[in-house]
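Each value in this text was obtained by applying a stated rule to the coordinates, not by laboratory testing. Computed from a prediction, not measured in an experiment: that's the story for all the values here. Here the Cβ positions follow ideal geometry from the backbone for every residue, glycine too, while neighbour counts run over all protein chains shown.
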């Protein structure tokens, strides 16, 4: 029986080695990135629908509706859809905002489906059946885009093979607490290292679910939004790119969003993202591996889709560690002993990536050393949550649990679980 834990240690160590090495590779490439030229302005002659999928968002629904209706785009070419599946008092709040902006001349509709079929993907897909717009912009309820968002993003779609353009996520409340600060470091790493490098290097990347603009033709060509996974954004973006469409990322366009302020909300978010990633990998990987992508592009995609395996591999190593102690106590020596040590060295890769992310953000990264190192504690705290997501993935389906938002934007503001909308 001792062979089983040794095999687990060997397999997990190999994966962690490759995963850590890849993070260092992306971080190194990010250091040498140069700013992209700004896309040439294009006439605002394309029709745009702004989709706002909301579910029990009483605290932030009005804010995102106001921001969407203030976007600088010709009124005759702009639609706003409030895709409201709420079961609390959010519909009443949204209806008042919608009516106010409708009287101001905005083509805005309040869409109520009566169910949550397909969750967010179902709401987005249903919204597209109600419009003929050429471009679709998606904002989750906690995002606050600037009025010039479309003017800066749409020119990147001048190339007819570009499926979507993704903006960078900023933070409304990173200084609210240690938890939000640590989350901001990881978000910056994703958007200033991973997202920055992948499309520039010709690798597949992902639409982040919010603060992006999609070409309607690409959505339709890829098969549309699907509720078969809990990460409909990752699923659609991979399907579109495997169909030959391209992605563009504009890191100088920053859209602030609200980070989860409670540990339970953060864990729920990670559970949904990890479950959805495994679901997407199951559906996408077979076709990806058979595609004509280069070996390096396939490797990058596999590491991307299986990123949540890393914390699971670390938990597996901890569980199997007693087997190594037993062998050592019996005086046995095995080459597998050295594998965890190699993996441990590369466990510093996320910290290096976050340091590069802060440097690319224009900060003195060494001033954030405590957060960069402390993030490993936050990551370890969610490892079991991610392990349990394997069960949800194997069972199939799963509920799209909304991450509660409380309109917390600055230090000193308060929240309590009692303020949370009903589920």
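Between helix 119-128 and the chain, what is the angle of the helix's C-alpha long axis to the longest principal axis, kept within 0 to 90° and rounded to the nearest 10?
40 degrees
Order these by the 10 Å Cβ neighbour count, fewest first: 296, 314.
Ordered from fewest to most neighbouring Cβ atoms within 10 Å, 296, 314 come out as 296, 314.
With everything on Cα atoms, drop me the angle between helix 349-360 and the longest principal axis of the chain, reported from 0 to 90° to the nearest 10.
Result, in degrees: 40.
Just want the ordering: 90, 131, from fewest to most Cβ atoms lying within 10 Å of their own Cβ.
By the 10 Å Cβ count, ascending, the order reads 131, 90.
Which percent of the Cα-Cα distances in region 48-282 go past 22 Å?
In whole percent, the long-distance tail amounts to 51.
Residues of region 29-65 with the amide nitrogen closer than 16 Å to a label point 7 Å from the Cα of residue 132, along Cα-to-Cβ, please.
Within reach of a label on residue 132, which here means backbone N under 16 Å from a point 7 Å along Cα→Cβ, region 29-65 contributes 46-49.
Could you list 408, 54 so that the one with the fewest beta carbons within 10 Å of its beta carbon is first and the one with the most is last?
Going from least to most buried by this count: 408, 54.
Label point 7 Å out from residue 177 along Cα-to-Cβ: which residues of region 347-374 have amide N under 15 Å?
Correct set: none at all.
Contour minus end-to-end for residue 388 and residue 109, with contour as 0.36 nm per residue of separation and end-to-end as the Cα-Cα distance?
On the way: separation 279, 0.36 × 279 = 100.44 nm, distance 3.92 nm.
Answer, rounded to one decimal: 96.5 nm.
Could you tell me the relative contact order of the chain? Use alpha-carbon pairs under 8 Å, at least six residues apart, and round to a whole percent.
Computed value for the chain: 25 percent relative contact order.
Rounded to the nearest 5, what is the percent of antiparallel bridges among the DSSP beta bridges in region 48-282?
25 percent
Rounded to the nearest 5, what % of the DSSP beta bridges within the chain are antiparallel ones?
Counting DSSP beta bridges with both partners in the chain, the antiparallel share is about 25 percent.
In square nanometres, what is one fourth of the surface area of the convex hull spanned by the alpha carbons of region 12-143?
Values: hull surface 48.7 nm².
Projected area, direction-averaged: 12.2 nm².
Tilt of helix 178-189 relative to the longest C-alpha principal axis of the chain, in degrees (0 to 90, nearest 10)?
90 degrees
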